[in-house]
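The values are calculated or read from the model by the stated rules, or taken from the named source; none is laboratory data. Just so it is clear, the structure is predicted and the values come from calculations on it, not from any experiment. All Cβ positions, even for glycine, are placed from backbone atoms using ideal geometry, and neighbour counts span all protein chains on display.
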Amino acid sequence: MKQNLLLSLVFIFCAGCGTFGAVSTNMDFSLNELKKAVIEFLPSAVRSESSNGREFVSEYFSIRGGEYEKFENQSIRHYVHVLIMGDRRPYRVDVIVVKERRNREGIYEKDRFDNKVAKKISKEIQRALNKRRGGRNVIDDFRPF
């Protein structure tokens, strides 16, 4: 819990100072479409979701040979933190990949942010959303109230 809070605070602080991870702006899709695409293209299942449904943290996974694998007690693990920002369209989607390394005591500590993997995941989400755009119906996204 404290680690997630700390990571969120670090993210908020650093968002104004510099960039890490991948930021996709002008995402002119419905919030439901964004959520579905994010969940679909996370390298592993969703570990936690915020109460407002705009923040996702994935289960731990490993990267071997450029491919995502299920985490099985290796010394290095990753997880994805995705934030959907904005109160209305267009939204901003921030993808952060955190790399953790196990220390001598067997406790995982944050090692660094993996921007390369974050950009890859962000592009996969964007590609999926752009493919869906063709089959979209205006009525499906209409909310009268």
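With the structure loaded, tell me whether residue 49 is within 19 Å of residue 123 (Cα to Cα) and modelled with pLDDT of 90 or more or whether it fails that test. No. Yes or no: residue 106 within 11 Å of the chain's Cα centre (by Cα) and on the phi > 0 side of the Ramachandran plot? When the stated conditions are applied, residue 106 does not pass them.
Restricting attention to the stretch 91-126, the residues being closer than 24 Å to residue 31 by Cβ and in a strand (DSSP E or B) number 7. Between 60, 79, the distinction of being surrounded by 15 or more Cβ atoms within 10 Å (Cβ to Cβ), farther than 28 Å from residue 26 by Cα and at pLDDT 95 or above belongs to 60 only.
For the structure I just gave you, tell me whether residue 118 is surrounded by 11 or more Cβ atoms within 10 Å (Cβ to Cβ), at pLDDT 95 or above and hydrophobic (A, V, I, L, M, F, W, C). Answer is yes for this residue. Taken over the stretch 90-109, the criterion of being free of Cβ contacts under 8 Å to residues at least 60 places away in the same chain and either farther than 19 Å from residue 41 by Cα or surrounded by fewer than 14 Cβ atoms within 10 Å (Cβ to Cβ) (or both) is satisfied by 100, 101, 102, 103, 104, 105, 106, 107, 108, 109. Screening the candidates 132, 88, 143, 136 for the property of being assigned to a helix (DSSP H, G or I), at pLDDT below 95 and not β-branched (Val, Ile, Thr) yields one hit, 132.
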